[in-house]
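Report on the following structure.
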Amino acid sequence: MLKRIEAEGPAHGGDANPVAGESTHEGLPKKVLVAEDNVVSQQVARRYLEAIGCNVLVVEDGNAAVDACARQEFGLVLMDLQMPKMDGLQATQEIRRQERPGRHVPILALTAKSASDELARCTAAGMNGLLTKPLDIARLRQALDRFGLARRTLELSAQSAAEAGGPAGEPVDLMTLHAKFSGDTAFVRRLCQTFVTSTTHGLEELDGAVSAGERTRVRLLAHKIKGGGSSVYAHRLAAIAANIESEAMTAAIPELTAALDTLRKAFDEATLHIGAQLT
C-alpha cells in the first residue's frame, strides 16, 4: 500500500525489500525532476531541492515529464497531479510503461489534498509515495533521505520558527514565508513578485472562463491559483480558490462570478500587504 512520505518503511505493503531506487541505492544520480505547472510552486520546490543538494529540472506538464524521463535518468520525480496536456497520473503510467528492465525511478505525487483522498489513485498509477502542498523542507528532506538524495549537512534551523506561524489574519503570512527560507528577503521578494504576476494573469483567465461557462477550465485555473496562494501562505486567497475549484462543476454561474469577486478582493489585499511589507 502506498504510504504518506512521513511514514517509515517500503512503499508497497507486504514487501519486506525496498523498491528499486530506495535509499539503499547509493549510486542514484542526485538529479530531481519536478513536474509542476504553477510557477510559484516551481520556485519553492527548486529552492528547497537545491538547498538540500540536488540538481533540479523543472517541467510544467505531464508530456514534458515523460519526455524528460525518456532522455535521462533521475534519482526522483516530484509529480503534480493536476497539470495541462497530461496529468500526473497519466504521466506516471506512461513513464512506467517506457522504463527499461531493472530501472524504477521513484515518483512522488504532489497534491494539496489529504493523503487518504489520493492513495488508491496514486498506487494504481505506479507512484511510490505522496507529498502534500505547500511543500515543507523537513518533509521533503525526509523523502530525499529515503531515496538517498539528501545532503547530510543541510541546516534546518528555520524549521521551528516556521512552524510557529505568523500574525493571525494577515493576507500573506510573510513571517512564516521568511522563516521557511531562512530570512532570505531577496528570494521572498522574488517569490512574491512571481505570485503577484502569475495570479494577476490567472484571474484574467479565470474571469474569461467563468464568463464563457467553461467549468473544467474554471476548476483547473482555480486549482492553479490555490497552489500559488498556498506557496506564499496567502491562506484566505488559497481557501477561496479551493472553494471555487470544488464548486466549479456544480455551482450556478452567478455564484461562481460572486466567488471570483471575493477572490479578487483577497488578491488585492494580499498584493497591498506584500507591497507594504517588502518595499
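The values are calculated or read from the model by the stated rules, or taken from the named source; none is laboratory data. Owing to the predicted nature of the structure, the values given are computational and were not obtained by experimental measurement. With ideal geometry, Cβ positions are generated from the backbone for all residues, glycine too; neighbour counts draw on all protein chains shown. Keep in mind that these areas ignore ligands, DNA and RNA; they rest on the heavy atoms of the full protein, side chains included. Shrake-Rupley method; radii C 1.70, N 1.55, O 1.52, S 1.80 Å.
Summary table below
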item: Rg(Cα) / (2.2 N^0.38 Å) computed for the stretch 166-211, rounded to two decimals; result: 1.46
item: At 1.002 mPa s and 20 °C, Stokes D of the stretch 203-266 from Kirkwood alpha-carbon radius, µm² per second; result: 193 µm²/s
item: Accessible surface, the stretch 62-116, averaged per residue in Å² (probe 1.4 Å); result: 43 Å²
item: Order by protection proxy (mean Cβ within 10 Å, highest first), peptides 187-193, 37-43; result: 37-43, 187-193
item: Exceeding the 18 Å Cα-Cα cut-off - candidates LYS31/LYS113; LYS30/LYS85; LYS31/LYS226; LYS113/LYS226; LYS226/LYS265; LYS133/LYS180; result: LYS31/LYS113; LYS30/LYS85; LYS31/LYS226
item: Ranked packing of 135-143, 95-103, 211-219, most packed first, by mean Cβ within 10 Å; result: 135-143, 211-219, 95-103
item: Highest-first arrangement of 243-251, 223-231, where packing means the average Cβ count within 10 Å; result: 223-231, 243-251
item: Amide proton proximity set for VAL34, modelled H, under 5 Å, gap of 5+; result: LEU57, VAL58, VAL59, LEU78
item: Amide H within-cut-off set for ASP173, under 5 Å, with H built and near neighbours excluded; result: ALA234, HIS235
item: The stretch 65-115 - percent relative contact order, Cα under 8 Å, separation 6 or more; result: 49 percent
item: Within-11-Å neighbourhood charge of GLY208 [Cβ basis; K, R +1; D, E -1]; result: -3
item: 5 angstrom amide H check on ALA109, placed H, neighbours 5+ away; result: MET79, ASN128, GLY129, LEU130, LEU131
